[in-house]
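Engineer: This is the structure I want to talk about, given as structure tokens.
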Amino acid sequence: MRIAITGSTGLIGTALQRSLRADGHEVVRLVRHAPRAAGEVAWDPERQTVDAAGLAGCDSVVHLAGAGVGDHRWTPAYKKQIRDSRVLGTAALAEALASLDTPPRSFVCGSAIGYYGETGARRVDEDAPPGDDFLARVCVDWETAAEPAVEAGIRTPFARTGLVVAREGGAWGRLFPLFKAGLGGRLGNGGQYWSFISLHDHVRALRRLIDDETLSGPVNLTAPEPVTNREATAAMGKVLRRPTLFTVPAPALRLALGEFGDNILQSQRVIPTRLQEAGFTFAHPTITSAITSTLEPN
């Protein structure tokens, strides 16, 4: 198959490329500069321009691009960048794909479990309504922006991603050096639920969304048993064989990170009902196995 990817240099995009190419698929990378190599297609999400001709013949487009939620303090300007990088880019891609004489069979559009907002200890799946905080509103607009592709008859699953357990990057990647140094510990009271997924399972799930004609609309990419931050902390300490004595109080997180600190303390207990109903089997269903998988060679 010929598969195009945005965000191909990020944590998930890099792993997805590697997996697809290992199985002999052709990968097309959407890049924000003039193409310099075969297999590159130009696009500019902020200006909403896409070289649609370069996407002709693609069987699927996987859209993973977006400004990092935790990369900077949430100033008004950066919150706008978080939203625009997702919403404008998705709209541009959806319109470009809809304009093709022969559109791809699937448009796998990134999203996030931030859609649900604060859920406390309540288990939620894809049927739950959206929350009403900043990230929830971003996710709603993000998914809505894909409507031109949906209206064109392109199967469009929304990959509502949880916390990806990986050493190479992402939010979890920042935890590993702290825990290895013996500086890890719970955040706030540790009672907030973290809905996680191993990088390995995330890539497998994305590939399932590319191929499975029965999957469209929202699909939660999370392991089946979310854990509390306290349980995740204990598992990190056990796997890495390090103490987990430190605690970061909630006021300190808010002081250091501003509004994003509240997001870290948010509880989201999200269940992957649609993946499970489709028969997807997780290689790393528990937090311990997900963390252990990061220590294995790629």
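The values are calculated or read from the model by the stated rules, or taken from the named source; none is laboratory data. Small disclaimer: the values here were computed from a predicted structure and weren't measured. Methodologically, a virtual Cβ is constructed for each residue, glycine included, from the backbone with ideal geometry; neighbour enumeration extends over all protein chains shown. These area figures cover heavy atoms from the full protein model, side chains too; ligands, DNA and RNA do not enter into them. Shrake-Rupley method; radii C 1.70, N 1.55, O 1.52, S 1.80 Å.
Engineer: For residues in segment 1-37 being of a type in the set (Ser, Thr, Tyr) and open to solvent by less than 50 Å² (accessible area, probe 1.4 Å), which is farthest from residue 94 (Cα to Cα)?
Structural biologist: Selected residue: 19.
Engineer: Failed condition for residue 40, given (1) charged (D, E, K, R); (2) under 30 Å from residue 231 (Cα atoms); (3) buried (at least 16 other Cβ atoms within 10 Å of the Cβ), with all others met?
Structural biologist: Residue 40 satisfies every listed condition except (2).
Engineer: Moving on to the next point. Collect the residues in segment 219-232 that are buried (at least 21 other Cβ atoms within 10 Å of the Cβ) and more than 25 Å from residue 246 (Cα to Cα), keeping them in residue-number order.
Structural biologist: Within segment 219-232, 219, 220, 221, 222, 223 qualify.
Engineer: Which of the residues spanning segment 128-149 are closer than 30 Å to residue 101 by Cβ and crowded, with 19+ Cβ neighbours inside 10 Å?
Structural biologist: Within segment 128-149, 142, 143, 145, 146, 148, 149 meet the criteria.
Engineer: Give 162, 237, 182, 188 a once-over and let me know the one that is farther than 30 Å from residue 63 by Cβ, crowded, with 20+ Cβ neighbours inside 10 Å and either under 17 Å from the mean Cα position of the chain (by Cα) or at pLDDT 85 or above (or both).
Structural biologist: Testing whether each residue is farther than 30 Å from residue 63 by Cβ, crowded, with 20+ Cβ neighbours inside 10 Å and either under 17 Å from the mean Cα position of the chain (by Cα) or at pLDDT 85 or above (or both) leaves just 188.
Engineer: Hey, does segment 194-215 have a residue that's open to solvent by 10 Å² or more (accessible area, probe 1.4 Å) and among the small types (Gly, Ala, Ser)?
Structural biologist: no
Conditions tested, residue by residue: (1) among the aromatic types (Phe, Trp, Tyr); (2) over 26 Å from residue 209 (Cα atoms); (3) at pLDDT 90 or above.
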position	(1), (2), (3)
245	no, yes, no
260	yes, yes, no
269	no, no, yes
277	no, no, yes
281	no, no, yes
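Engineer: Among the residues of segment 230-244, which ones are in contact with a helix residue (DSSP H, G or I) (Cβ under 9 Å, 6 or more places away or on another chain) and either closer than 30 Å to residue 158 by Cβ or of a type outside the set (Gly, Ala, Ser) (or both)?
Structural biologist: 231, 232, 233, 235, 236, 238, 239, 240, 242, 243, 244
Engineer: Which of (1) touching a residue at least 40 places away in the same chain (Cβ under 8 Å); (2) of a type in the set (A, V, I, L, M, F, W, C); (3) out of contact with any Ser or Thr (no Cβ under 7 Å at 6 or more places or on another chain) does residue 140 not meet, given it meets every other one?
Structural biologist: Only one criterion is unmet by residue 140, namely (1).
Engineer: Would you check if there is a residue in segment 265-281 being free of Cβ contacts under 8 Å to residues at least 40 places away in the same chain, of a type outside the set (S, T, N, Q) and closer than 23 Å to residue 128 by Cβ?
Structural biologist: Yes, there is a match, as at least one residue in segment 265-281 is free of Cβ contacts under 8 Å to residues at least 40 places away in the same chain, of a type outside the set (S, T, N, Q) and closer than 23 Å to residue 128 by Cβ.
Engineer: Next question. I'd like to check something: does segment 14-21 contain any residue that is touching a strand residue (DSSP E or B) at 6+ places or on another chain (Cβ under 8 Å) and of a type in the set (Val, Ile, Thr)?
Structural biologist: no
Engineer: Filter segment 121-158 down to residues that are of a type in the set (A, V, I, L, M, F, W, C) and in contact with a Pro (Cβ under 9 Å, 6 or more places away or on another chain) and give me whichever is farthest from residue 214 (Cα to Cα).
Structural biologist: 136
Engineer: Please go through segment 191-226 and give me each residue that is among the hydroxyl-bearing types (Ser, Thr, Tyr), closer than 26 Å to residue 19 by Cα and more than 13 Å from the chain's Cα centre (by Cα), ordered by number.
Structural biologist: Hits for segment 191-226 are 214, 216.
Engineer: Take the residues of segment 85-123 that are within 17 Å of residue 219 (Cα to Cα) and aliphatic (A, V, I, L, M): which is surrounded by the fewest Cβ atoms within 10 Å (Cβ to Cβ)?
Structural biologist: Looking at the filtered set, the residue picked out is 112.
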